[in-house]
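The values are calculated or read from the model by the stated rules, or taken from the named source; none is laboratory data. Quick caveat, the model's predicted, so the values are computed rather than measured. Cβ placement follows ideal geometry from the backbone for every residue including glycine, while neighbour counts extend to all protein chains displayed. When the accessible area is computed, the model is the full protein with side chains, heavy atoms only, and any ligands, DNA or RNA have been set aside. Shrake-Rupley method; radii C 1.70, N 1.55, O 1.52, S 1.80 Å.
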Amino acid sequence: AQDAGPMAHPIRPESYVAMDNFYTVTVYNKGAEVIRMYRTLLGYDGFRKGMDLYFERHDGSAVTCDDFRAAMADANGYDLQQFERWYTQAGTPTITLSKKQVVNGKVEVELSQNTADTPGQAAAEKEPFHVPVACALFDRRTGAKVADQLFSLRAGRQTFAFDAAVDGAADDYVVSLLRGFSAPVVAAQEPKLSSADLLFLAANDDDPVNRWDAAQQIYSRAVLDAFSGAATASASLEAATAAFKAALDD
């Protein structure tokens, strides 16, 4: 909440009024998520190699965030220059999946990122973050997972392809986005997932957070449609019932 409000600031502030207001939820909680992204990008073994080099270089010394990032990069031969923006730019990026198509027998998705204005940092001035976006691809016809990949989003908009060969049309497949909460961002899909898509994920996704989120969206739609007397109220209630049944059957 702080990262999206009037108190938003980078996890490595350039200045502070007093040392006792330096210890914020952004510095600690978001800072921890940024450390976890190293593990996501480099894998367990890569992260361990980075930690070993970090202690070899700096044990007993005063260090900086840049020293930690350099150890991770040098130990793995991995370019983390752009990753510094997580330390210098405030705000929570929104990652949007806006296009899904089949090209040469593989599903391609278009991902984009956008970060809103924060105090002292206009959105137009912010540069793209380096965002690890874990995704999986499910076959709507069988419920089976056909691909599970990590995409490194570095530009404002990029197209990625799942490795698995597929048959059929793009609508035969459903994407599970930001699995394992792979980055401290907001995930969105445009157009928004239909009730059928959400129900599919609630019943078939093997990522517990995404499965929970799909079910919550279904339940929220059912409550709001019933409250407003929407024409879709009956269908929304049926979807909520089916999602609850899928959870019990699992």
- Message: Which lysines, if any, have their Cα less than 20 Å from the Cα of K30, not counting same-chain residues under 8 positions apart?
- Response: K126
- Task: Please give the per residue accessible area of segment 1-80, computed with a probe of 1.4 Å over protein heavy atoms only, in Å².
- Result: 61 Å²
- Note on the structure: Taking Rh as the Kirkwood radius computed over alpha-carbon pairs of segment 21-63 and applying Stokes-Einstein at 10 °C with viscosity 1.306 mPa s, one gets a diffusion coefficient in µm² s⁻¹ of 135 µm²/s
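Round to a whole number: what % of the accessible area of the chain belongs to carbon and sulfur, probe 1.4 Å? Write down the numbers at each step before the final one.
Values: 7210 of 13230 Å².
Carbon and sulfur together cover 54 percent of it.
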- Task: Starting from segment 131-181, pick out the trypsin sites (Lys or Arg not before Pro) whose DSSP state is loop and whose Cβ has at most 10 other Cβ atoms within 10 Å.
- Result: R141
- Query: Length gain on complete extension for the stretch S98 to S194, per 0.36 nm per residue less the alpha carbon to alpha carbon distance?
  - Reply: 33.2 nm
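Treating only the Cβ of Lys, Arg, Asp and Glu as charged (+1, +1, -1, -1), what charge dipole size does segment 134-250 show about its Cα centre? Round to the nearest 20 debye.
Rounded to the nearest 20 debye, it is 320 debye.
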- Obtain the nm distance between the two label points defined at D59 and Q149 by a simple spin-label model: each point lies 7 Å from its Cα along the Cα-to-C-beta direction. 4.1 nm
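Over segment 3-151, what portion of Cα pair distances is larger than 22 Å, expressed as a whole percent?
The calculated P(r) of segment 3-151 puts 53 percent of pairs beyond 22 Å.
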- Message: Considering the Cα positions of segment 166-250, please state its Rg to one decimal place and its Dmax as a whole number of Å.
- Response: 13.5, 41
- Could you give the dipole magnitude of segment 73-185 about its Cα centre, charging the beta-carbon of Lys and Arg +1 and that of Asp and Glu -1, in debye to the nearest 20? 240 debye
- Here the residues of segment 112-153 lying in the modelled label zone of V17, meaning backbone nitrogen under 19 Å from a point 7 Å along Cα-to-Cβ, are 118-121
- Message: Taking 2.2 N^0.38 Å as the expected size of a compact globular protein, what ratio does the Cα radius of gyration of the chain give against it, to two decimals?
- Response: 1.15
- Relative frequency of Cα-Cα separations exceeding 16 Å in segment 98-170, percent: 56 percent
- Which of the lysines could a cross-linker span from K100 if the Cα-Cα distance has to be under 21 Å and same-chain partners fewer than 8 positions apart are dropped? K145, K192
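Shape call for segment 32-87 from the C-alpha gyration tensor, a ≥ b ≥ c root eigenvalues: rounded (a/c under 1.5), prolate (a/b greater than b/c) or oblate?
On the way: a/c = 1.57, a/b = 1.19, b/c = 1.32.
It comes out oblate by the Cα gyration axes.
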- Message: Above 19 Å lies some portion of the pair distances; for segment 125-219, what is it as a whole percent of all C-alpha pairs?
- Response: 42 percent
- Among W86, S152, L137, which residue has its Cα positioned farthest towards the positive end of the charge dipole of segment 54-196, with +1 placed on the Cβ of Lys and Arg, -1 on the Cβ of Asp and Glu, and the dipole taken about the Cα centre? L137
- In degrees, nearest 10, range 0 to 90: what is the angle between the Cα axis of helix 31-58 and the longest Cα principal axis of the chain? 30 degrees
- Dipole in debye (nearest 20) - segment 115-173, about Cα centre, beta carbon charges: Lys, Arg +1; Asp, Glu -1: 60 debye
